[in-house]
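Bear in mind that the values in this text are calculations on the coordinates, not laboratory data. Every value quoted in this text rests on a predicted model; they were computed, and no experiment measured them. Positions of Cβ are generated from backbone atoms using ideal geometry, with glycine treated the same way; all protein chains shown enter the neighbour counts.
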Amino acid sequence: MSTFLFDQIVYGPVKSRRLGISLGINLSPLKGKRCTFNCIYCECGLNEERRTKTPAPSREEVKQALTKKLTEMQTEEVHPDVITFSGNGEPTMHPDFPGIIDDTLEIRNQLCPEAKVAVLSNSTMLHKED
């Protein structure tokens, strides 16, 4: 099976039957995979094949990339239906995940208030307080 890794923090927009026009946010390292599961069917490959020492993007890098992309989309008159946290693994593993969600909601409210925010997650990190 061929595998695929996202090489950008913010990618898309992607047209989705389920979500409409979706703008993706990848909180995993751009050159590897970070996930709590090791699913044989994962498009990113198996964990041992895709482990990396490359750090995940910082909260500030995510904020800047999202602002830039949504501003570009606004200029092009393309309006996302949803901003989706997905990418190269489990987004909730990012150490600044709660803050990144806060930043995303703030940026969304300024630039595309109609867009929803979705998190594609296996939910294994929900037990964590922070």
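Using a Förster radius of 22 Å, what is the FRET efficiency between residue 64 and residue 120 based on their Cβ-Cβ separation? Nearest 0.05, please.
FRET efficiency, residue 64 to residue 120: 0.45.
What nm value, rounded to one decimal, do you get for the distance between residue 127 and residue 110 when each label is placed 7 Å out toward the C-beta?
Taking the two extended label points, one gets 3.8 nm.
Listed here are the pairs 31/128; 15/69; 31/116; 69/128; 31/63; 33/116; which of them are more than 23 Å apart at the Cα?
As for pairs spanning more than 23 Å Cα to Cα, those are 31/128; 31/116; 69/128; 33/116.
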